[in-house]
1. Report the residue count in region 419-440 for those that are out of contact with any helix residue (DSSP H, G or I) (no Cβ under 8 Å at 6 or more places or on another chain) and either closer than 22 Å to Phe318 by Cα or modelled with pLDDT under 75 (or both).
2. Quick one: in region 117-162, which of the residues that are crowded, with 16+ Cβ neighbours inside 10 Å, within 33 Å of the chain's Cα centre (by Cα) and not β-branched (Val, Ile, Thr) is nearest to Ser175 (Cα to Cα)?
3. Right, Asp512: buried (at least 18 other Cβ atoms within 10 Å of the Cβ), among the charged types (D, E, K, R), over 30 Å from Gly419 (Cα atoms) and modelled with pLDDT of 85 or more or not?
4. Could you figure out which of (1) touching a Ser or Thr at 6+ places or on another chain (Cβ under 8 Å); (2) modelled with pLDDT of 85 or more isn't true of Ile382?
5. Regarding region 354-374, can at least one residue be identified that is at pLDDT 85 or above and β-branched (Val, Ile, Thr)?
6. Going by the structure shown, is Val466 within 30 Å of Val487 (Cβ to Cβ) and modelled with pLDDT of 80 or more?
7. Quick one: is Leu560 outside the structural domain of Glu236 (by TED's automatic domain parsing), under 22 Å from Glu481 (Cα atoms), modelled with pLDDT under 85 and touching a strand residue (DSSP E or B) at 6+ places or on another chain (Cβ under 8 Å)?
Amino acid sequence: MKPRGLLTLAMAAQVVVTAVALLGSYAVTGSGFGIAQIVALIASGIVAVLLVRFCARAIETTQDERMAAQLAERAQASAQITQAVIKTALDAFVQTDADGIVLEWSVQAEALTGWTRKEALGADVVNLLIAEPLRDGFRQRMMRLLPELSNTPIGIRFEATLLHRNGDKILIEASSTALQIGGRTIINNFIKDVTQKRAAEEQLIQAQKMEAVGQLTGGIAHEFNNMLTVITGTIEILADAVKDNPPLATITKLISEAADRGAALTSSLLSFARKQALHPAEIDVNELLEELAKLLLATFDKKIEIVTRLDRNVWLAFADRGQLSSALLNLAINARDAMLDGGRLTLTTRNVVFGVREAVAVGAGYAGHYVEIEIADSGTGIPQAILERIFDPFFSTKDVGKGTGLGLSMVFGFVKQSGGGIKVSSVEGGGTIFTIYLPKAETSTLRPAGYDERKVVGGKETILCVEDDRDVRQYVTVQLESLGYKVIQAANAAEALAIAAAGTPFDLLFTDIVMAGALNGRELAVEMVAARPSLRVLFTSGYAHDAPHGPAGATMGAPLLTKPYRKAELARMLRRSLDTAVDAAGDAIPTPYSVQADLEGFLRRQAAEDNATRRPRR
């Protein structure tokens, strides 16, 4: 009964008792107010006191029962909320006692570790999740942290490496708090998997380090290429002048070969710095690897077995074929050097589709479709202590004098510049696996229409030569004039624009991309082509410039002559630029061969589909 109803009943009972006592006293005495009435009132008062005490106790009991019920209800609701929070939390929840015995194990903990709740409850969490060699050390660490945990209301955070049920290592971040319940210590742990996060951070640190070194090497290579352009060009002139003098001809040949070695060195530096001039196109990676396997079989020791596992339905990749060939050969040679006593080199291809997390994990440029190329050897492996440094320029795992340290850095730079990713896994004494991811080819890229096979010829056209390096500008002017061209010189974009504004006629703009001043070469070309759409443009550069200076608008189809270059290369590129038919708007007029690359790509895909259809099913 509610307290209000109980009090009402008590008051009514008191009134009834008082009335009955008074009526009884009148009936007995038959007179007015006297001793009998006083006795009746005293009896009524005693009854009232008893009723009040009874009601008070009843009210207290009711309130206690209600309070207990409310507390029980709140505790149940709190427990339900707590369980709901644990079940819906993104992190895994593990509850243990002070000895590490599991008391609670959430669904997320099951997903994280592979152990079910039934298997985990009552088990020792250290034996369950820590690798055996590390268990004693981990227990000692937890025993040292337990007093701190008990005295810190906000808990502590720590990182650890756990072992999944299937043997995989998991890097976790744990938030732990301690509760004292009935003299018993309960430890609550929320555990988050940070394996991918740490991998992404390491990729970022590596990328930042490579970018810093790449900026330095790219700048040095750019200036070095300007010098090599002058050296390689002028040595040709000297060689032609002393061709009838054998001793001097021998000297000029030595100089020329040294210049070529210098050009090869800067090419490797630019590959690492991701500033080389690439010519990406559709590549059948299976065909490329089959050619590589034939080459390796003919040149490697017979103790090394070459195995190819090529997916016949692999997509066409989009990359520079020559650079990819060099990269794969470099990796194969490194694998050979790691298998001096023989072993197995396995070449594998497959298609992969990456989400954002997977792309970040391998350092790829974006989520999407990639062609995977894997080169695995059974050699000596790479020590973990130096595994993170193998892509650094001039760092070599080989003995002194047996490697420049640019091979792997060149591979890294080429892959990253191509928009792909690369990863390496190695076990010391158990071999190494390099995996390259290249973007899938989406469209065909037209190939040059045979200009490289043409005889070196000059012309009578007028060329506006824009070059900020004085020595290179003078050398180019001499070479152009020796080919029969008329030359107008400009030291920067401002001078070139002034020449064009004055109405000086010229047929082709030959400009360096990287120049001092407000405008670089590409921006100069865009501005000039906007005024004269039919103007021919030929770029030159010591390295491929980054996105802000990349191909743009009307000049994106203009060819690039990479420094250092020979006179013959200069002559061919000039004729290629001047002889390309264009209309009044500056757009290239299609030739009968303009669909050749698309046709070849279609035929390759058709052949691959036919082979897949004819392949017998097992």
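The values are calculated or read from the model by the stated rules, or taken from the named source; none is laboratory data. Predicted model only: the values in this text are computed from it and were never measured. When we count neighbours, we look across all protein chains shown, and the Cβ atoms used for this are built from the backbone with ideal geometry, even at glycine.
1. Here is the first cut: in region 419-440, the ones out of contact with any helix residue (DSSP H, G or I) (no Cβ under 8 Å at 6 or more places or on another chain) are 419-420, 425, 427, 429-431, 433, 439-440.
Cutting the leftovers down to either closer than 22 Å to Phe318 by Cα or modelled with pLDDT under 75 (or both) gives us 419-420, 439-440.
Total satisfying the criteria: 4.
2. Ranking the candidates gives Ala160 first.
3. Numbers: buried (at least 18 other Cβ atoms within 10 Å of the Cβ): yes; among the charged types (D, E, K, R): yes; over 30 Å from Gly419 (Cα atoms): no; modelled with pLDDT of 85 or more: yes.
No: the conditions fail for Asp512.
4. (2) is the only condition that Ile382 fails.
5. yes
6. Answer is yes for this residue.
7. yes
Conditions tested, residue by residue: (1) assigned to a helix (DSSP H, G or I); (2) farther than 17 Å from Ala376 by Cα; (3) not assigned by TED's automatic domain parsing to the domain that holds Glu372.
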{"position": "Lys302", "(1), (2), (3)": "no, yes, no"}
{"position": "Val314", "(1), (2), (3)": "no, yes, no"}
{"position": "Leu331", "(1), (2), (3)": "yes, no, no"}
{"position": "Asp341", "(1), (2), (3)": "no, no, no"}
